[in-house]
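Let me begin by presenting the structure, written as structure tokens, before commenting on it.
The values are calculated or read from the model by the stated rules, or taken from the named source; none is laboratory data. Nothing here was measured: the structure is a model prediction, and the numbers come from that model. Glycine also receives a Cβ, built like all others from the backbone with ideal geometry; neighbour counts cover every protein chain displayed. Protein only, heavy atoms only, side chains kept; ligands, DNA and RNA dropped before computing areas. Shrake-Rupley method; radii C 1.70, N 1.55, O 1.52, S 1.80 Å.
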Amino acid sequence: TLLCLWDDHESANNPWMHGAKNHNPDEGEGEWALRRAASLQAYYEWMPIREPAPGLSRAEFWRSYVFGDLATLVTLETRHLARAKQLDEKDYAASINSQADADKFKAEVLNEPGRKMISDKMEAFLTDAMKTSKAAGQPWRLIGNATPIARIGVPDMEKLGVLKLASPEQMQSDAAKKIIWQGKYNMPYYTDSWDGYPWAREKLYAAGRSVGVHDMLFLTGDSHSFWMNRLFDDAGDAVGLELGTAGVTSPGDFVGNGWDLETAIKLDKVFGDEVNEVVWTDNFNQGYVRVELFPNEAKVSFMAVSTVLKPSYTIRVLKETVIKHKGNSIVYTKS
């Protein structure tokens, strides 16, 4: 069975409600609404999915899947119906030259109320599905989520001795300059993810709390990297866990940005050691995540392929963990 949800490249890079990062209507690319409609039509025609339920548009692509008395899975639509325009570092980095500047930006711009990721209709659908699952006594509530939801603030790479702009190669590397700047002010690693929409993320967490759900398990893609994350709301209360999968063939950012293996491993370790919500990450390997659900636990295996360059390859278990309920929360109990 193939259960689908979309992110950005089904239409254009980093789309939002009224446009996309690489859509240029003034350069002959036409109206965004027409381009989006054509991409959604192609998606429904070529992907093995049902047409929307009566009364829903093609853009309202969210679904709920019930697995007996074991689990409910809800897939999110985070691109076309409500998402506010992304915050691009190129637009604000020059104005942040101190920690005070960074704190002001986070408080007034990044956390601006009303910057949505999902529509009110989608949120109501999710809340109702979680409420029904809870009332039915199902042990698992899964969220099919396109892009990371954990708080992934960049650690201070220079202070920790991971990266220094010393060599000629790094001096010329935009990736090195960017991550060092992000770390200096503990800025989000991604602003196209939920980290760029903290108001929307807190609103989603509050929706879960409103129906007594504190154990959402997010199954996440987009970053091309493996993640094990713990999730907390603004008050510091646990709301669930996140499992992020690498790309099947596409490299993670640390490798895609040109870091050598030794540096990539250092970056993985410092994110796991220094970022509160990150338990473990691997940006080097490609593969997939296997999740086996049982009434009392979930067994998780991060599966890596030996090569993406040849038809013949082998698969190995990169890491395993077990998730169990502890009170109203779910926790990693074994790795």
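Every Cα-Cα pair of the range 197-244 was included, and the share exceeding 18 Å stands at 29 percent.
What is the percent carbon and sulfur in the accessible area of the chain, measuring with a 1.4 Å probe over the protein chains and ignoring ligands?
Values: 8520 of 16190 Å².
Reported share for carbon and sulfur atoms: 53 percent.
The length gained on full extension between ILE49 and LYS21, counted as 0.36 nm times the residue separation minus their Cα-Cα distance, comes to 7.4 nm.
Based on a Kirkwood Rh over C-alpha pairs, give the Stokes-Einstein translational diffusion coefficient of the range 203-335 at 4 °C and viscosity 1.567 mPa s in µm²/s.
Details: Rh = 15.8 Å.
In µm²/s, the coefficient rounds to 82.
Shape summary: the range 68-115 maps onto an equivalent ellipsoid whose semi-axes, from the alpha-carbon gyration tensor, are 34, 14, 10 Å in decreasing order. Matching the structure-derived semi-axes √(5λ) of the Cα gyration tensor in Å against the labelled list (i) 30, 26, 22; (ii) 33, 24, 18; (iii) 69, 33, 20 gives the label (i). Projection of the Cα convex hull of the range 12-59, averaged over all directions and equal to a quarter of that hull's surface, yields 3.9 nm².
Computed with a 1.4 Å probe over protein heavy atoms only, the accessible surface of the chain comes to 48 Å² per residue.
From largest accessible area down, sort LEU160, LEU73; use a 1.4 Å probe on the protein chains. Before the final figure, lay out the partial values.
On the way: LEU160 80, LEU73 20 Å².
In descending accessible area the options line up as LEU160, LEU73.
Could you size up the charge dipole of the chain around its Cα centre, putting +1 on the beta carbon of Lys and Arg and -1 on that of Asp and Glu, and report it in debye to the nearest 20? Mind showing how you got there, number by number?
Values: 38 positive and 46 negative charges, 163 e Å.
Charge dipole, the chain, about its Cα centre: 780 debye, nearest 20.
Under 1.5 on a/c is rounded, so check that first for the range 274-324, then, if it is not, pick prolate when a/b is larger than b/c and oblate when it is not; a ≥ b ≥ c are the square roots of the alpha carbon gyration tensor eigenvalues. The partial results should precede the final answer.
Working: a/c = 3.92, a/b = 1.44, b/c = 2.72.
Judged from the Cα gyration tensor, the range 274-324 comes out oblate (a/c at least 1.5, b/c at or above a/b).
Please compute, over every Cα-Cα pair in the range 1-103, the percentage with a separation greater than 19 angstrom.
Working: 2913 of 5253 pairs.
Counting every Cα pair in the range 1-103, those more than 19 Å apart make up 55 percent.
Which entries of LYS178/LYS310; LYS266/LYS319; LYS90/LYS116 show an alpha-carbon separation above 25 angstrom in the structure shown? Violating the 25 Å Cα-Cα cut-off are LYS178/LYS310. Residues in the range 270-276 carry Karplus couplings, in order, of 5, 5, x, 7, 9, 9, 4 Hz; the curve used is 6.51 cos²θ - 1.76 cosθ + 1.60 with θ = phi - 60°, and Gly or Pro positions show x. Ranking ALA238, PRO54, ASN328 by Cα position along the charge dipole of the chain, where only Lys, Arg, Asp and Glu carry charges on their C-beta atoms, puts ASN328 farthest toward the positive end.
Hydrodynamic estimate: the Kirkwood radius of the range 56-206 over Cα pairs, inserted into Stokes-Einstein at 4 °C and 1.567 mPa s, corresponds to D of 73 µm²/s.
In the frame of its principal axes, the range 175-258 has Cα extents of 45, 32, 16 Å, reported largest first. Diagonalising the gyration tensor over the Cα atoms of the range 44-85 and scaling each eigenvalue by 5 before taking the square root yields semi-axes of 21, 15, 10 Å, largest first. Take the range 141-282, drop everything but the C-alpha atoms, weight them equally and run the Debye formula without solvent; then report log10 I(q)/I(0) at 0.16, 0.17 Å⁻¹ to two decimals. For the requested q values the scattering log ratios are -0.84, -0.93. Taking a label point 7 Å from the Cα of HIS325 along the Cα→Cβ vector, which residues of the range 50-75 have an amide N closer than 18 Å to it? Counting only backbone N, you get 66-74. Accessible surface comparison of LEU5, LEU142, probe 1.4 Å, protein chains only, largest first: the order is LEU5, LEU142.
Under the rule a/c < 1.5 gives rounded, and otherwise a/b versus b/c splits prolate from oblate, where does the range 217-290 land using the Cα gyration tensor? Numbers along the way, then the final one.
Numbers: a/c = 2.85, a/b = 1.50, b/c = 1.90.
Oblate.
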